[in-house]
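Coordinate-derived values only; no laboratory data. Just so you know, these numbers come straight off a predicted model, no measurement behind them. Don't worry about glycine lacking a Cβ; one is built from the backbone with ideal geometry, like all the others, and counts go over all protein chains shown.
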Amino acid sequence: MVVPGPQTASPRRRKSRLTLLAEVTGILAAVTGVMGFFIMTIPMLFGGDDNNPAPEPGGLASSVAATSAPAEPTGPTAQEASVVYLTDLIPAIGAGNLTELPRELRGRPEYARSLVIQCPSGNTNDRHRDIGYDLRGRFIQFETTVRPYSLESTGPVLGLTQVDVYGEAQELASEIVEVGAVMHLTVDIEDVNRFTLRITCEDPDDIVILTDPRILAETDGGAG
């Protein structure tokens, strides 16, 4: 009696199984390759990659643009600081002797900075009008243009005005100017503490206009 041995797969069946396994492996490799391609490509198309990130708004480029613009100058320059206009100061004495510029002169460029002093009445106790400033010895020169002006609307314009400049009680300058005339005045005021302008007039209806009244301080460059 012959006992049958264990059955083995035929060579044809083995070959079919190996072929199927190879095909499945090839398909999986192809799918993996396609997925890898998309994984690497999509971030580059839509968001950049980790090695070269897109610049954030307000990043370095914005910071450079914000800091590279030149700063605006603040405060006066040395040249501007050396000149002070009396129209920007409050008088220590005689503020009540100041008046307004006549309407017909307003807006004219030569009267842009004007110190306007009303002439005295001429009475015993009102012979002159004083305007005084405390300078504390910080300035060296006073400059202005004197323009006496008549407020009378009719008749000839006649009369004289006198402008005196004092440092403390010492007279530094004295000028007589006709109404309607123009005169430039320059006075040395070095070491003057109390600076005073005194106005005397023939006609109480006149005014004395000092245009561009300024005091000059010596700058560091000029001192050397």
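Before moving on, here are some points about what is shown:
- Ranked by the mean number of other Cβ atoms within 10 Å of their residues, highest first, the peptides 109-115, 212-218, 120-126, 90-96 fall in the order 212-218, 109-115, 90-96, 120-126.
- Here the spin labels are modelled as points 7 Å beyond Cα on the Cα-Cβ line, and at Leu216 and His184 they lie 1.1 nm apart.
- The range 78-219 - Debye-derived log10 I(q)/I(0), Cα point model, q = 0.18, 0.20 Å⁻¹: -1.03, -1.26
- Net charge, Ile176 excluded, C-beta distance under 11 Å - Lys, Arg +1, Asp, Glu -1: -4
- Spin-label pair Thr124-Val157: with each label point 7 Å from Cα along the Cα-Cβ axis, the two points sit 3.5 nm from one another.
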